[in-house]
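The structure appears right after this line, and notes come after that.
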Amino acid sequence: MADTTTPSFQAAAYTAGGTARDKVALPETLFDGTVNMPVMHQAVKAYLANQRQGNAATKIRKYVVGGNQKPWKQKGTGRARQGSTRAPHWVGGGTVFGPIPRSYAQYVPRQVRALARKSALNARAREDAIVVIDRFEYDAPKTSRLKALVDRLGVAEKKVLILTDGAKTNVFLSGRNLPSVHVMPYGDVSTYHILWSDVVLIEATAIGHTLEPVAEKEVAPKREPKRKNVKVEAAPRKPTKKPAAKAEKAPAKKATAKAKAPAKRAAAKKKPAAKSTKKKGK
């Protein structure tokens with residue numbers, strides 16, 4: 001159902017650089033509080049339907065290649081009778097009641113479209129989601145400049161719709177590379193685009209306001225918080241053996257082994273041969 005009230009809406013105003021200005025009263029001829037849900041639904045549904053190409057197509061059995069000859073004779077084979085291999089129940093056969101190229105276009109009267117668009121703008125005005133920008137004057141495309149405006153307004157994480165007064169190529173090219181920002185002329189906006197967005201930025205001259213220029217305020221650079229120096233106690237290290245000591249011990253072992261070798265040989269020579277205990281036979 002249509003909800004109609006007559007409040008006086010005011011929107012926050014900023015410069016193209018993000019400097020805050022005094023609030024601006026929105027025109028009552030457009031922002032009169034009318035929100036007609038059924039009309040908005042009809043307009044959005046028609047917009048999405050008009051985006052469809054409608055070129056899906058399939059072939060019925062007479063358009064499928066092949067199948068001109070009867071697969072086998074009518075009688076005598078014991079199998080079911082068949083007249084073509086392109087029948088719907090055959091693999092590779094035609095499709096029954098498949099999609100054919102058609103138009104999905106829906107027509108919505110001009111006055112209904114205007115009412116839906118007006119309702120969408122009023123819905124955003126009730127949410128305080130409309131922001132007025134004094135003017136967009138870009139000498140050249142600059143994505144960082146438009147991104148700085150979005151960041152300064154605090155809407156970087158939202159879907160932003162920017163409506164300019166007429167076609168402005170430099171502004172459009174500046175926002176083309178930002179996935180959550182959509183730039184278009186105010187006269188071309190549709191109900192779908194307004195309801196798609198979370199915040200709508202409108203150029204002042206597009207809604208009949210002429211705002212005097214204001215000096216831009218510089219934004220103080222953000223300072224990173226200083227890190228506190230925290231002393232970390234190192235874990236005690238295990239004592240490691242020096243490689244020099246190993247090198248010293250190795251020759252000593254070799255020397256003792258060499259000294260023991262001749263002593264063993266001399267002891268073997270001094271021992272007398274063992275006497276045989278066998279008795280001679282008589």
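Please treat every number below as a calculation from the coordinates, not as lab data. This structure is a prediction, so every number in the text was calculated from the model and none was measured. Counting neighbours? That spans all protein chains shown, and the Cβs are built from the backbone with ideal geometry, glycine included.
Pairs needed: first member in region 75-96, loosely packed, with under 11 Cβ neighbours inside 10 Å; second member anywhere, assigned to a loop (DSSP other than H, G, I, E, B) and aromatic (Phe, Trp, Tyr); C-beta distance under 8 Å; at least 6 residues apart or different chains.
Pairs that qualify, where the first residue is loosely packed, with under 11 Cβ neighbours inside 10 Å and the partner is assigned to a loop (DSSP other than H, G, I, E, B) and aromatic (Phe, Trp, Tyr), are Arg79/Trp72.
Of the numbered conditions (1) under 16 Å from Asn122 (Cβ atoms); (2) touching a strand residue (DSSP E or B) at 6+ places or on another chain (Cβ under 8 Å), Ala20 satisfies every one except a single condition; which is it?
(1)
Got at least one residue in region 121-128 being touching a strand residue (DSSP E or B) at 6+ places or on another chain (Cβ under 7 Å), of a type in the set (S, T, N, Q) and assigned to a helix (DSSP H, G or I)?
yes
Within region 154-181, how many residues turn out to be touching a Pro at 6+ places or on another chain (Cβ under 7 Å) and at positive phi?
1
Checking Lys59 against (1) touching an Asp or Glu at 6+ places or on another chain (Cβ under 7 Å); (2) free of Cβ contacts under 8 Å to residues at least 60 places away in the same chain, which test does it fail?
Result: Lys59 passes all but (1).
Taking the criterion of being free of Cβ contacts under 8 Å to residues at least 24 places away in the same chain and in contact with a Gly (Cβ under 8 Å, 6 or more places away or on another chain), would at least one residue in region 106-114 satisfy it?
no
Condition check ((1) surrounded by fewer than 16 Cβ atoms within 10 Å (Cβ to Cβ); (2) over 22 Å from the mean Cα position of the chain (by Cα)) across all residues:
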| position | (1), (2) |
| --- | --- |
| Val132 | no, yes |
| Asp139 | yes, yes |
| Leu161 | no, no |
| Thr169 | yes, yes |
| Tyr192 | no, no |
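Among (1) surrounded by 11 or more Cβ atoms within 10 Å (Cβ to Cβ); (2) of a type in the set (Ser, Thr, Tyr); (3) assigned to a helix (DSSP H, G or I), there is one condition Tyr104 misses while meeting the rest; what is its number?
Failing condition for Tyr104: (3).
In region 20-38, which residues are surrounded by fewer than 13 Cβ atoms within 10 Å (Cβ to Cβ) and not β-branched (Val, Ile, Thr)?
Asp22, Lys23, Ala25, Pro27, Glu28, Pro38
Tell me the strands (runs of 3 or more DSSP E) entirely within region 146-223 that contain at least 1 residues that are in contact (Cβ under 8 Å) with a residue 60 or more places away in the chain and in contact with an Asp or Glu (Cβ under 9 Å, 6 or more places away or on another chain).
Counting at least 1 such residues, we get 199-203.
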